[in-house]
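Worksheet: one structure, shown below.
The values are calculated or read from the model by the stated rules, or taken from the named source; none is laboratory data. Keep in mind it's a predicted model, so treat the numbers as computed, not measured. Here the Cβ is made from the backbone with ideal geometry for all residues, glycine too, and neighbour counts use every protein chain on show.
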Amino acid sequence: MQKNLIEEIKDYLEIRPGIYTGGQPTPDQIKMLGELGFTILINLATSASPDSLPNEQELAQAAGMAYVHIPVEWQAPTKGDLLKFFQMFEQHKGFKTFVHCAKNMRVSVFIYLYRVIAENEDRQVCWEDVMNIWEPNEIWQKFIDQMLEEIQPPKNDRNWQFDWRGYSGL
């Protein structure tokens, strides 16, 4: 029964066991994620995104999950946003993780880039997961192409070389 409930999250997609994505979950769905054993909730939406929950961090923590908020501007995703995501995602590798934004569009691209760059997965296989959600517009396609060209995986310790000083997104 709970498996069906998770699939009711807007634009839900299971990438593989342990990594799940979707659009903005409701307060009840956040509680359900905690009950299903998720340990971290990562939010890439901004506070101005549709259906944004101003108390999402409190809801996640009440459900027993850690919460990370990396607000990615829809019209202007940045390399810094992506590197923050890579670092947080890498630090929580192995935990049951749910990553969301308003409609799973930002997330589908960030997960795609992580899988291709950090995990060296097949681009076409990963691209199919993006296309299950949407076809990236010109802004996002340019961002994808630029990040694939600019970002190289760290050679040893997965240190994505992001300076967290002054960052208040956690």
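Take Gln2 and tell me if it is at pLDDT below 95 and surrounded by fewer than 18 Cβ atoms within 10 Å (Cβ to Cβ).
It is true that Gln2 is at pLDDT below 95 and surrounded by fewer than 18 Cβ atoms within 10 Å (Cβ to Cβ).
Consider His92 against the criteria (1) under 27 Å from Met32 (Cα atoms); (2) modelled with pLDDT of 95 or more; (3) not hydroxyl-bearing (Ser, Thr, Tyr): it satisfies all of them except one. Which criterion is unmet?
Exception for His92: condition (2).
Taking region 50-68, which residues are surrounded by fewer than 19 Cβ atoms within 10 Å (Cβ to Cβ), within 14 Å of His100 (Cβ to Cβ) and not hydrophobic (A, V, I, L, M, F, W, C)?
Pro50, Asp51, Ser52, Gln57, Tyr67
Table: residues versus (1) in contact (Cβ under 8 Å) with a residue 12 or more places away in the chain; (2) surrounded by 13 or more Cβ atoms within 10 Å (Cβ to Cβ); (3) within 26 Å of Thr26 (Cα to Cα).
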position	(1), (2), (3)
Ile70	yes, yes, yes
Phe98	yes, yes, yes
Val109	yes, yes, yes
Ala118	yes, yes, no
Gln141	no, no, no
Ile144	yes, yes, no
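Would you call Gln61 more than 15 Å from the chain's Cα centre (by Cα) and in a loop (DSSP other than H, G, I, E, B)?
Judged against the criteria, Gln61 is not a match.
Are any residues in region 140-170 modelled with pLDDT of 95 or more, among the hydrophobic types (A, V, I, L, M, F, W, C) and either more than 25 Å from Ala102 (Cα to Cα) or over 18 Å from the mean Cα position of the chain (by Cα) (or both), and if so, which ones?
Passing the criteria: none in range.
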